[in-house]
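The values are calculated or read from the model by the stated rules, or taken from the named source; none is laboratory data. Treat the numbers as computed from the prediction; the structure is a model and nothing was measured. Note that each Cβ is placed from the backbone with ideal geometry, even for glycine, and that neighbours are counted across all protein chains shown. Protein only, heavy atoms only, side chains kept; ligands, DNA and RNA dropped before computing areas. Shrake-Rupley method; radii C 1.70, N 1.55, O 1.52, S 1.80 Å.
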Amino acid sequence: MPSVFIKTYGCQMNERDSEAVAAQLVAKGYTLAPSEAVADVILLNTCSVRDFAEKKAVGKMQNIAADVRKNRPDVVLGFLGCMAQSRGQELIDKLPDVDLVLGTQKFHHAADYLDEILAGRRDKIVDVAAEQGSEATIREHLLYGKVAKNGDGHKPPPPVTAFVSIMQGCNQRCTFCIVPDTRGEERSRGIADIVAECRQLVSRGVKEITLLGQIVTSYGKRDGVAVGVTPAVEPGVTPGGSTPGSSKRLEISHIVPGGKMPPSTAGGTPAATSPFVQLLDAVHEIEGLERIRFTAPHPKGYGDDLIEAYARLHKLVESAHLPVQSGSDRVLKLMHRGYTRERFLGIVKKLRRAKPDISITTDIIVGFPGETEDDFEQTLSLAREVEFDNAYIFKYSPRRDTPAAGMPDQVPLKIREERNHRLLETINEIGKRKYEAFIGRRTQILVEGPSKKNPARMTGRTRCNKIVVFEGSDRHRGQLLDVKITRAGSFTLYGDPAIVNL
Ligand code: 5AD
């Protein structure tokens, strides 16, 4: 059988999509190649959020294509995901060596299309059409992590953490963002279906699940009753997992989008909960699951029910990624974000009241069209006021067919770079202080496996999503451990092995 190498650009949703494609191909008998140099099929799963990400993927494919043309003409090349969706046939016109262009609603067809190409039945395939029900197709997981099963039969151990896609698409129409075009309209999977997938993962040893979507706080809001009627299809985790039909499964009748939980099932749930909080409640019931995370929410979606869920659901960890984008009301309005600086600060305050130790991270765009020095200063002051644990900073990048790309007063690159640099300094300085405050504290970590930088050491994460490196061994994998923090590096903590071994 052929071997495949998938390179992923961009967000965690893309990582998850790639994993699902890899699992689909492995189930068909493909092996996962350790590098592109030895693969029979090379797929690039792309990102369109900034021009830089697109250029990187196109440049990579150009290099691969040049090599393949010269040395291995039978290798199949494909673009998947967001850039494939937004550019379609144009990619093959530009790079004629590419055989497959697969859009964001089509990942589950990858194996069939590759079969056809490899068998010589079809030459080129471009499929970027919308497909009803595609939100429920990202369900296969690689049981043995992301590493290939090698020829020597060595299997990496099953993962401790897993990502579960709960929805696709976005309807926010932020003026800078291409995602509504690349990912389509918001569509949510049913709660029972998601819970069945999570349950199977937990039965395979997963301890922590991250619920994924472009805007998870909008989960189920548009789908009405449909959220509850997606059939609970057996996810393709593995045969022999727990049955989705077990008695603990939430039934369809429990889901009342935007409405109330039936009193008989409430169990302490507040009277009115959003579909997303209903989903959190349902996942929280899974026995053996230790931690729940989610990403990414929209600040607008942080209703009191969600804040209350942090206080009520002990598996929901003290960590929130709240993309603020700007600290200036004027810019927030131009961005079409739907909240003000004050509203954002109010959410942060409520979250910290509910969970004083909660870590808050964010995304910020610098140099949005029309952003003045004063607007930027307001972003700096917001960062200082909130004291984010970390922030992803993006230089504004004009995206085609987005309103912001045509706005007046585009900010010159030099100024965008300079603001990026200044904000980064502020974020790093705050982060340093926040991380150093952990020194001497005992904290619980979930051990994920060997450290990437130094495989002789182990890493885990605190509930507030900070990486802790410590001198452990493989037997700590998957365990919840109390460690004492001895040192803080750049966005990394170091734990005391003496405490670990107690
Ligand atoms: N330019 C720069 N950053 C962007 N993002 C989204 N669109 C753009 C753009 N056009 C950033 C936002 C978002 C993150 C995933 O990417 O901060 O939260």
If you take the residues in segment 33-65 that are among the charged types (D, E, K, R) and within 16 Å of the ligand (Cβ to nearest atom), which one is surrounded by the fewest Cβ atoms within 10 Å (Cβ to Cβ)? Lys55
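So which helices (runs of 4 or more DSSP H) stay within segment 315-394 end to end and still have 1 or more residues that are within 11 Å of the ligand (Cβ to nearest atom)?
Once the helices (runs of 4 or more DSSP H) in segment 315-394 are filtered for at least 1 residues that are within 11 Å of the ligand (Cβ to nearest atom), what remains is 329-335.
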Taking segment 404-418 on its own, how many of its residues are in contact with a Ser or Thr (Cβ under 8 Å, 6 or more places away or on another chain) and either farther than 30 Å from Gln85 by Cβ or within 11 Å of the ligand (Cβ to nearest atom) (or both)? 1
Among the residues of segment 435-453, which ones are assigned to a strand (DSSP E or B) and open to solvent by 20 Å² or more (accessible area, probe 1.4 Å)? Arg442, Thr443, Gln444, Glu448, Pro450
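In this structure, does Ala110 turn out to be closer than 30 Å to Ala196 by Cα, in contact (Cβ under 8 Å) with a residue 12 or more places away in the chain and open to solvent by 40 Å² or more (accessible area, probe 1.4 Å)?
It is false that Ala110 is closer than 30 Å to Ala196 by Cα, in contact (Cβ under 8 Å) with a residue 12 or more places away in the chain and open to solvent by 40 Å² or more (accessible area, probe 1.4 Å).
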If I filter segment 411-434 for residues that are in a loop (DSSP other than H, G, I, E, B) and either surrounded by 13 or more Cβ atoms within 10 Å (Cβ to Cβ) or among the hydrophobic types (A, V, I, L, M, F, W, C) (or both), do I get at least one hit? yes
If only one of Tyr30, Tyr9 is buried (at least 19 other Cβ atoms within 10 Å of the Cβ) and more than 16 Å from the ligand (Cβ to nearest atom), which one is it? Tyr30
So, in segment 175-201, exactly how many residues are more than 16 Å from the ligand (Cβ to nearest atom), among the basic types (Lys, Arg) and either open to solvent by 20 Å² or more (accessible area, probe 1.4 Å) or in contact with a Cys (Cβ under 8 Å, 6 or more places away or on another chain) (or both)? 2
Within segment 296-314, work out how many residues are within 16 Å of the ligand (Cβ to nearest atom) and touching a residue at least 60 places away in the same chain (Cβ under 8 Å). 6
Please go through segment 456-484 and give me each residue that is open to solvent by 20 Å² or more (accessible area, probe 1.4 Å), in a loop (DSSP other than H, G, I, E, B), over 14 Å from Arg442 (Cβ atoms) and out of contact with any helix residue (DSSP H, G or I) (no Cβ under 7 Å at 6 or more places or on another chain), ordered by number. Ala456, Arg457, Asn465, Ser473, Arg477, Gln479
